[in-house]
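> Next up is a structure, given as structure tokens.
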Amino acid sequence: MLDLCADDLTEIGMQINSKKCAILRFGPQYANSCTTIWFQDSPIDFCDKARYLGIQLQSSKTFLIDLSYCKAKFYRAFNGLFHRLAKLRNELTTLHLVSSYCKPHLLYATECFALSATQMRSLQHTWQCVVSHIFNVSGANVNFICAQTDKFSLDVIIMNRREHFLRNMFRLNEHHVVLRNLLWLFRQHELYRQ
């Protein structure tokens with residue numbers, strides 16, 4: 001299969017750099033060793049994690065993403081913004097700017113994946129740490145500030161984004177009977193899972 005792809009690519013004058021290729025395995029047998037796969041006389045490495053379209057995929061029994069990459073980008077954006085706004089000393093303005101410029105890093109592509117409860121708590125904790133840092137408070141005060149300043153909690157935002165994503169996927173694939181039925185079943189499962 002890979003040889004057919006390589007032949008088609010060479011016909012149109014393109015090449016794949018096999019050193020930049022990696023293989024991730026998902027499913028019950030993901031941890032078992034596998035035979036080496038060769039592409040254009042070079043072996044392709046098996047890896048535990050790989051970045052694809054800004055998401056860190058992680059090899060496991062189920063399709064899983066690693067949120068540490070998104071959280072690191074979020075913290076990097078927050079630290080840069082917070083450092084520049086240190087002299088401003090207006091917590092609400094800082095929180096609004098962090099919500100506008102940094103929160104998208106934290107929520108990137110969350111609508112595409114069925115996040116576990118642990119992953120949702122991790123994202124919520126990350127957001128609460130930033131609110132705690134902005135307002136210099138801790139404990140129940142952080143929850144109170146989040147309840148007063150956020151229009152929706154982070155899990156509700158992710159659920160709304162997911163519903164919007166599934167609705168758009170359903171609408172875009174309405175002419176494909178099989179995809180439409182699969183998306184409808186998946187959407188129903190997701191709605192009742194919440």
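> So which pairs qualify, if the first residue must be in segment 157-170 and under 17 Å from W127 (Cα atoms), the second must be open to solvent by less than 30 Å² (accessible area, probe 1.4 Å), the Cβ gap must be under 6 Å, and the two must be at least 6 apart or on different chains?
I158/T110
> Related question: For a quick check of your reading of the model, give me the residue pairs whose first member lies in segment 57-71 and is modelled with pLDDT under 85, whose second is of a type in the set (S, T, N, Q) and outside any helix (DSSP H, G or I), with beta-carbon atoms closer than 6 Å and at least 6 apart or on different chains.
As it stands, the answer is L64/Q58, since those pairs meet every condition given.
> So, one more: I'd like the full set of residues that are modelled with pLDDT under 90 and surrounded by fewer than 16 Cβ atoms within 10 Å (Cβ to Cβ), limited to segment 119-137.
N136, V137
> I would also like to ask the following. Of the residues K103, K49, only one is basic (K, R), modelled with pLDDT of 85 or more and open to solvent by less than 30 Å² (accessible area, probe 1.4 Å); which? Can you show your working first?
On the way: K49 fails: open to solvent by less than 30 Å² (accessible area, probe 1.4 Å).
After ruling out the rest, the residue left standing is K103.
> Which pairs turn up if I take residues in segment 1-29 that are modelled with pLDDT of 80 or more and look for partners that are open to solvent by less than 80 Å² (accessible area, probe 1.4 Å) and not charged (D, E, K, R) with beta carbon separation below 6 Å, at least 6 apart in sequence or on another chain?
C21/I44; A22/C47; A22/A50; I23/I44; L24/A50; L24/L57; L24/S59; R25/S59
> Would you confirm whether or not segment 86-98 contains a residue that is crowded, with 16+ Cβ neighbours inside 10 Å and without any contact (Cβ under 8 Å) to a residue 40 or more places away in the chain? Talk me through it step by step, then tell me what you get.
First, the residues of segment 86-98 that are crowded, with 16+ Cβ neighbours inside 10 Å: 91, 94-95, 97-98.
The next check asks that each one be without any contact (Cβ under 8 Å) to a residue 40 or more places away in the chain; those that pass are 97-98.
Checked against the condition, which is being crowded, with 16+ Cβ neighbours inside 10 Å and without any contact (Cβ under 8 Å) to a residue 40 or more places away in the chain, segment 86-98 yields at least one hit.
> Could you count how many residues in segment 1-54 are touching a strand residue (DSSP E or B) at 6+ places or on another chain (Cβ under 9 Å) and not in a loop (DSSP other than H, G, I, E, B)?
18
> If S99 satisfies every condition in (1) more than 21 Å from L64 (Cα to Cα); (2) outside any helix (DSSP H, G or I); (3) among the small types (G, A, S) but one, which is the exception?
Of everything listed in (1) more than 21 Å from L64 (Cα to Cα); (2) outside any helix (DSSP H, G or I); (3) among the small types (G, A, S), S99 misses just condition (2).
The values are calculated or read from the model by the stated rules, or taken from the named source; none is laboratory data. This structure is a prediction, so every number in the text was calculated from the model and none was measured. All Cβ positions, glycine included, derive from the backbone under ideal geometry; neighbour counts span all protein chains shown. The area values use the complete protein model at the heavy-atom level, side chains included, leaving out ligands, DNA and RNA. Shrake-Rupley method; radii C 1.70, N 1.55, O 1.52, S 1.80 Å.
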